[in-house]
Amino acid sequence: QVQLVESGGGLVQAGDSLILSCKASASGHTFSGYAVGWFRKAREFVAAMKWDGRTTDYADSVNGRFTISRDNSKNTLYLQMNNLKPEDTAVYYCAADVMTTITTTYGVLRYWGQGTQVTVSS
């Protein structure tokens, strides 16, 4: 069973930066071969990546401001968010599944975290 736990959300001002973390644990195996992603408001795609880091994709609304990355040694996924805007306010969720390609579609990845709230004030 794969468990994902997000952290790092909070209240910031427009223009600030924030980094979200998603700690992943999977009994007995690593995340090699997994596709991972960040969504917000549960259904809106934000960023995606293959766990090997070779393939990434971003929503147009965050491209150039957000960066998805991972730390293999910690089994942790990150979302670096820069130049935050009030419209970035949402609950952010990380998701993962065993897939050969990344996905930007909500509902495809089976494993989800509980979400972390990000609030950006103007």
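Restricting 79, 11, 18 to those that are open to solvent by 60 Å² or more (accessible area, probe 1.4 Å), under 29 Å from residue 121 (Cβ atoms), touching a residue at least 40 places away in the same chain (Cβ under 8 Å) and of a type outside the set (D, E, K, R) reduces the list to 11. Among the residues making up the range 53-62, those that are closer than 17 Å to residue 83 by Cβ, surrounded by 12 or more Cβ atoms within 10 Å (Cβ to Cβ) and of a type outside the set (Ser, Thr, Tyr) are 59, 62. Please find, among 25, 17, 122, the residue that is within 18 Å of residue 2 (Cα to Cα) and either in contact with a Leu (Cβ under 6 Å, 6 or more places away or on another chain) or among the small types (Gly, Ala, Ser) (or both). None of the other options fit; the residue is 25. Beta carbons closer than 6 Å, at least 6 apart along the sequence or on distinct chains, pair a first residue in the range 90-107 that is closer than 16 Å to residue 4 by Cβ and open to solvent by 60 Å² or more (accessible area, probe 1.4 Å) with a second that is charged (D, E, K, R) and in a loop (DSSP other than H, G, I, E, B) for 106/43.
Screening the range 60-99 for residues that are among the polar types (S, T, N, Q) and touching a Gly at 6+ places or on another chain (Cβ under 8 Å) and picking the one that is farthest from residue 14 (Cα to Cα) gives 69.
The values are calculated or read from the model by the stated rules, or taken from the named source; none is laboratory data. Please read these numbers as outputs of a predicted model, since none were measured by experiment. All Cβ positions, glycine included, derive from the backbone under ideal geometry; neighbour counts span all protein chains shown. The area values use the complete protein model at the heavy-atom level, side chains included, leaving out ligands, DNA and RNA. Shrake-Rupley method; radii C 1.70, N 1.55, O 1.52, S 1.80 Å.
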